[in-house]
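Below: one structure, written as structure tokens.
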Amino acid sequence: MKLLAFVSRNRKEMLRDPLSLAFGIGFPLVLLLLLSAIQANIPVSLFKIEKLAPGIAVFGLSFISLFSGTLIAKDRTSSFLMRLFASPLSASDFILGYTLPLLPMAIMQSAICFLASFFLKLPVTGTVLLALVVLIPAAVLFIAIGLLAGSIFTDKQVGGVCGALLTNVSAWLSGTWFDLSLVGGAFKRIAYALPFAHAVDATRAALAGDYASIFPHLWWVIGYAAVIMVIAVVAFKRKMNGDSV
Amino acid sequence: MNAIEITGLTKKYGERTAVKSLNLSIEQGTCFALLGVNGAGKTTTIKMLSCLTKPTSGDAVILGKSILSESQAVKEVINLSPQETAVAPNLTVRENLELIAGIYGSDRTATLEKTDRAIKDFDLAEVERQKAKTLSGGWQRRLSIAMALISAPQVLFLDEPTLGLDVLARRELWSAIEKLKGKVTVILTTHYLEEAEALSDKIGIMAKGELKALGTAPELISRMGAKTFEDAFVALATGSEASA
């Protein structure tokens, strides 16, 4: 009951923020339509809907970090979290409470992206469902980044770190906007040392039904998600047991 | 019977001592006011007692439970209204109240009953469907205190509860606090001396992290040979003689 009450509150807070909806769903959809329009006029293989949709889905998920980070940071700076820290909610209630409402939101966000892609001639196949499942570790990764950012930054700093830096870094290094092989060298190595390009490649493989190619990439995403989640939980618990909320 | 027993409670931030070896007992069902100028250590004391900050040394026992070793049990029986208004901005007034009732373990039926009662007790009916962020500061403060009381705490910490309230709202809150006497142990910090005088059964005055004086308002006035409680407070808080 305690956890459910907190989960429900966090879900309402995020869904009632119009900026969350505009950035989380609206902006990726606009990009999907725009890049598809470019593809229609000047064919670019990277912008074919089968390749573009997974990239946009991962890009859309990067805004999840902004939502969760901003909510947690605002709760901290407004003393609301102080009130909750004095309540019987446990550390795991807090972490699950901030994480659980975001997972269905993330899945819904990806589903909307693929639904819109159907109208842009993405074939309606069962692999779309597989792609949605493959995106879950990426969703957890971005949720963990949000939890970490919200635990250590103010809401304004979260806006800068997650809203500007993370969305750009995850976009540029994901291989969605341009082929990483075209740049090659250190840029490509850095991109593939981070999880974003792997998340896109795993989703593309799932969508293409190329099952053998999913896991080499997905392990990277799962590994990053697990490590960042552990760091986020430690940072949040330190904040909870520390001298400043 | 004492609701709170504080023994040698100390909090240090690096070299700075925010609270120095505080020893204090607070009787159950009474209202205790903790006074002091800014930086005296009042809020740090409240934070330690409400398990938000770990003491550097010492302990406090609240209704038989240690804040150090039984903090979860302590949290079940206390509630807090922080110095700054602490409400969920995108939730309505009703939803904020339901949230707190829920996280203190009430089931759906009890949550609805408690919320209805809190809305009635704090005259929140006219704004119950409004999002908290659209309320004026005074309404937010009233909601914040209603949220602190909805869990029916046995010990309630009110950190400057009437800050930003107009005279009428302040009087209403005083009346609500008066009604709690005998049932709830209230620990109140305030900068309004008349508030402490009117509401509290006992007053503790802190300065530079130490408890400088303890007693009822008339006792403190008499001890300092002061004309008013304000004179007595100034003398105690600054360590000077009271103006005769």
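The values are calculated or read from the model by the stated rules, or taken from the named source; none is laboratory data. Everything numeric in this text was worked out from a predicted model, so none of it was measured. Because the Cβ atoms are built from the backbone with ideal geometry, glycine has one as well, and the counts that use them run over all protein chains shown.
Descriptive notes on the structure:
- Options A:187, A:153; residue that is within 22 Å of residue A:229 (Cβ to Cβ) and either in contact with a helix residue (DSSP H, G or I) (Cβ under 8 Å, 6 or more places away or on another chain) or at pLDDT below 95 (or both): A:153
- Of the helices (runs of 4 or more DSSP H) lying entirely inside the stretch A:144-200, those containing at least 1 residues that are of a type in the set (Phe, Trp, Tyr) are A:167-172, A:185-193.
- Matching residues, the stretch B:40-86, being of a type outside the set (S, T, N, Q), more than 10 Å from chain A (Cβ to nearest Cβ) and touching a residue at least 40 places away in the same chain (Cβ under 8 Å): B:40, B:41, B:42, B:55, B:58, B:59, B:60, B:61, B:62, B:63
- Residue count for the stretch A:187-245, restricted to those that are aliphatic (A, V, I, L, M) and within 14 Å of another protein chain (Cβ to nearest Cβ): 2.
- Looking across the stretch B:96-113, the residues that are of a type in the set (Ser, Thr, Tyr) and assigned to a helix (DSSP H, G or I) come down to B:109, B:111.
- Filter result for residue B:12 (outside any loop (DSSP other than H, G, I, E, B), within 11 Å of another protein chain (Cβ to nearest Cβ), farther than 22 Å from residue B:151 by Cα and charged (D, E, K, R)): yes
- Only one entry in A:80, A:85 is touching a residue at least 60 places away in the same chain (Cβ under 8 Å), crowded, with 21+ Cβ neighbours inside 10 Å and within 14 Å of chain B (Cβ to nearest Cβ), namely A:85.
- Complete set of residues in the stretch B:118-151 that are part of a helix (DSSP H, G or I), of a type in the set (D, E, K, R) and closer than 21 Å to residue B:168 by Cα: B:120, B:121, B:126, B:141, B:142
Quick grid of which residues meet (1) in contact with an Asp or Glu (Cβ under 7 Å, 6 or more places away or on another chain); (2) not in a loop (DSSP other than H, G, I, E, B):
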| residue | (1), (2) |
| --- | --- |
| B:55 | no, no |
| B:68 | yes, no |
| B:74 | no, yes |
| B:86 | no, no |
| B:90 | yes, no |
| B:94 | yes, yes |
| B:115 | yes, yes |
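- Whether a residue is within 10 Å of chain B (Cβ to nearest Cβ), crowded, with 20+ Cβ neighbours inside 10 Å and either in contact (Cβ under 8 Å) with a residue 12 or more places away in the chain or of a type in the set (Ser, Thr, Tyr) (or both) was assessed, and residue A:68 does not pass this test.
- Residue B:161 meets all of the listed conditions (1) crowded, with 20+ Cβ neighbours inside 10 Å; (2) part of a strand (DSSP E or B) but one, namely (2).
- Conditions (1) among the β-branched types (Val, Ile, Thr); (2) surrounded by fewer than 22 Cβ atoms within 10 Å (Cβ to Cβ); (3) assigned to a helix (DSSP H, G or I): number failed by residue B:46: (2)
- All of (1) surrounded by fewer than 21 Cβ atoms within 10 Å (Cβ to Cβ); (2) in a helix (DSSP H, G or I); (3) touching a residue at least 24 places away in the same chain (Cβ under 8 Å) hold for residue A:215 with one exception: (3).
- Filtering the stretch B:101-126 to residues that are surrounded by fewer than 21 Cβ atoms within 10 Å (Cβ to Cβ) and more than 12 Å from every other protein chain (Cβ to nearest Cβ) leaves B:112, B:113, B:116, B:117, B:119, B:120, B:121, B:123, B:125, B:126.
- Of everything in the stretch B:188-244 that is of a type in the set (Lys, Arg) and in a strand (DSSP E or B), the residue that is surrounded by the most Cβ atoms within 10 Å (Cβ to Cβ) is B:202.
- Residue pairs whose Cβ atoms lie under 7 Å apart, sitting 6 or more positions apart in sequence or on different chains, and linking a residue in the stretch A:113-127 that is at pLDDT 95 or above to a partner that is of a type in the set (D, E, K, R), are A:122/A:50.
- The set of residues from the stretch B:15-39 being within 14 Å of chain A (Cβ to nearest Cβ), surrounded by fewer than 23 Cβ atoms within 10 Å (Cβ to Cβ) and touching a strand residue (DSSP E or B) at 6+ places or on another chain (Cβ under 8 Å) comprises B:17, B:18.
- Per the listing A:148, A:141, A:166, the residue uniquely aliphatic (A, V, I, L, M), in contact with a Phe, Trp or Tyr (Cβ under 7 Å, 6 or more places away or on another chain) and surrounded by 17 or more Cβ atoms within 10 Å (Cβ to Cβ) is A:141.
- Residues located in the stretch A:161-184, provided they are in contact with a helix residue (DSSP H, G or I) (Cβ under 6 Å, 6 or more places away or on another chain) and farther than 17 Å from residue A:139 by Cβ: A:161, A:163, A:173, A:175, A:179, A:180
- The set of residues in the stretch B:127-136 that are surrounded by 13 or more Cβ atoms within 10 Å (Cβ to Cβ) and of a type in the set (Gly, Ala, Ser) contains only B:132.
- Within the option set A:104, A:43, being more than 10 Å from chain B (Cβ to nearest Cβ) and outside any helix (DSSP H, G or I) holds for one residue only, A:43.
- Within the stretch B:87-100, the set of residues being within 8 Å of chain A (Cβ to nearest Cβ) and not β-branched (Val, Ile, Thr) comprises B:88, B:89, B:90, B:91, B:95, B:98, B:99.
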